[in-house]
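Worksheet for the structure shown next.
The values are calculated or read from the model by the stated rules, or taken from the named source; none is laboratory data. If you're wondering where the values come from, they're calculated on a predicted model, not measured in any experiment. With ideal geometry, Cβ positions are generated from the backbone for all residues, glycine too; neighbour counts draw on all protein chains shown.
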Amino acid sequence: MLTPELLLTMRRVEFDMEQKAAIKGELERVFGRCITSSRDCIDLSDDIFRKTQKQINPNTLRRIFGLVKAEYPPSQSTLDILSKYCGFYSVEELYTTKQEVNNIDIVQ
């Protein structure tokens, strides 16, 4: 039986460093600037709401961008909203697309 603790651990493994870097990079690309401060997270939260009609708390964005300590990974619904903001159906599509683009760049 999967306990809540085991599920949380599994999600932590799924949201690895490469995926986090891909999401952060794509968020900054779409937003048009680097996220380096709490003010940037507030502005990004506002932009996400304008474009998706979904709210992401600026504190959640601060955790994603490493501005404050994160005890746990972002929820699947948060990742889905961020993916949609970036123009993707899911975080998996975003990550796969970024990997493909990076592989093409390496080959050329």
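If the condition is being part of a helix (DSSP H, G or I), without any contact (Cβ under 8 Å) to a residue 40 or more places away in the chain and surrounded by 20 or more Cβ atoms within 10 Å (Cβ to Cβ), then the range 56-73 contributes Leu61, Arg62.
Please pick out the residue among Ser83, Ser77 that is exposed (fewer than 13 other Cβ atoms within 10 Å of the Cβ) and either in a helix (DSSP H, G or I) or at pLDDT below 90 (or both). Let's see the steps before the verdict.
On the way: Ser83 fails: exposed (fewer than 13 other Cβ atoms within 10 Å of the Cβ).
Step by step, each of Ser83, Ser77 is checked, and only Ser77 is exposed (fewer than 13 other Cβ atoms within 10 Å of the Cβ) and either in a helix (DSSP H, G or I) or at pLDDT below 90 (or both).
Among what's in the range 89-103 and is modelled with pLDDT under 85 and loosely packed, with under 11 Cβ neighbours inside 10 Å, pick the residue that is farthest from the chain's Cα centre (by Cα). Top of the filtered list is Asn103. Remark: Asp43 falls outside the filter, which requires a residue to be surrounded by fewer than 19 Cβ atoms within 10 Å (Cβ to Cβ) and either at positive phi or within 10 Å of the chain's Cα centre (by Cα) (or both).
Taking the range 10-36 as the range and being in contact with a Lys or Arg (Cβ under 9 Å, 6 or more places away or on another chain) and at pLDDT 90 or above as the test, the residues that pass are Ile23, Gly25, Glu26, Val30, Ile35. Would it be correct to say that Lys51 is part of a helix (DSSP H, G or I), without any contact (Cβ under 8 Å) to a residue 60 or more places away in the chain, among the basic types (Lys, Arg) and within 17 Å of Ala70 (Cα to Cα)? Answer is no for this residue.
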